Amino acid sequence: MIRAIALDDEPPALRVLTHFCRQLNTIDLQKTFLRPDEALSHLHKVPTDLLFLDINMPSVSGIEFHKAIPEPILVIFTTAYAEYAVEGFTLNAVDYLLKPFTFERFQQAVQKANTQHKFRQTTDPAMEAYLYIRADYTLHKIALSDILFIEGLDDYLKIHIHQVNRPIVARMTMKTMLQKLREADGGSERFIRVHRSYIVAFNRIETVRNRMITLAGEEIPVGMSYEAEFFKRFQG
């Protein structure tokens, strides 16, 4: 069972989270907090798997609070302001719940957290997840955390990697690559296909304007057939 706490400056929001958590047998909401300092003190003292975190709080923003929490605590952001979604996912949050959210939407977020939690339990948390790709008669070992985006060119792919000048070019379809990424990452949704020719790392996204993503200095379009799923991840 996932051990969770919640931080929100609004008591009604905490009551909703408490009510929803009581209806699931996969999560134990152990405590709720109105004050960030008390929540942070608890996180440093008591083993916690998941944090429900409001972004817009008067004393400190959820974004700032997230940077202070000990790793590897999973985080689900909750807020009434959709404009914070991109920044929330840049911090590699499990999910983003836009208030007022339904119980069904809450269940989806908790399921994502549960999937990641189970993966961490069966994997050494100190070990990075890797993708193994054969290209140019060489087997390349690529850390998933270093992948920026993947560009499709007919039957070939360009894997763009952080702080590596030249991409790795491999013969593979986009569908096969996306499947390999999910398998390597324990079924998580770290990567998403946003265009027939692009897969991006969600936590690497810098800005989204209209249907254009900025990532590592590159502009990547969001295709019309992928637009609904992409923005659903932000808006819940």
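Results, tabulated for the structure shown:
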| read-out | value |
| --- | --- |
| Largest-first ordering by accessible area, 1.4 Å probe, given options Asp136, Asp95, Asp155 | Asp136, Asp155, Asp95 |
| FRET efficiency estimate (nearest 0.05) - Cβ-Cβ, Arg3 to Gln23, R0 22 angstrom | 0.80 |
| Global geometry of the stretch 2-122, whether rounded, prolate or oblate, following the gyration tensor of its Cα atoms and the 1.5 cut on a/c | rounded |
| Mean separation of Cα contacts under 8 Å (6+ apart) over length of the chain, as relative contact order % | 14 percent |
| R0 of 45 Å, Cβ-Cβ distance Val46-Asp154: FRET efficiency to nearest 0.05 | 0.25 |
| Gain in span if fully extended, Arg182 to Ala216, counting 0.36 nm per residue against the direct Cα distance | 10.1 nm |
| Over the stretch 2-122, relative contact order from alpha-carbon pairs under 8 Å, at least 6 apart, % | 22 percent |
| Rounded accessible area of Ser145 (nearest 10 Å², 1.4 Å probe) | 40 Å² |
| Residue-level accessible surface for Glu38, protein heavy atoms, 1.4 Å, Å² | 80 Å² |
| Members of Lys141/Lys180; Lys112/Lys232; Lys99/Lys232; Lys118/Lys141; Lys45/Lys118 lying beyond 20 Å, as alpha-carbon distances in this model show | Lys118/Lys141; Lys45/Lys118 |
| For Thr102, solvent-accessible area (1.4 Å; no DNA, RNA or ligand), Å² | 80 Å² |
| Accessible surface of the chain [probe 1.4 Å, protein heavy atoms]: carbon and sulfur percent | 48 percent |
| Relative packing of 50-58, 204-212, 161-169, 6-14, which averages over residues the other C-beta atoms within 10 Å, highest first | 50-58, 6-14, 204-212, 161-169 |
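The values are calculated or read from the model by the stated rules, or taken from the named source; none is laboratory data. All values derive from a computational prediction rather than experimental measurement. Backbone-built Cβ (ideal geometry, glycine too); neighbour counts: all protein chains shown. In case anyone asks, the SASA skips ligands and DNA or RNA and just uses the protein heavy atoms, side chains included. Shrake-Rupley method; radii C 1.70, N 1.55, O 1.52, S 1.80 Å.
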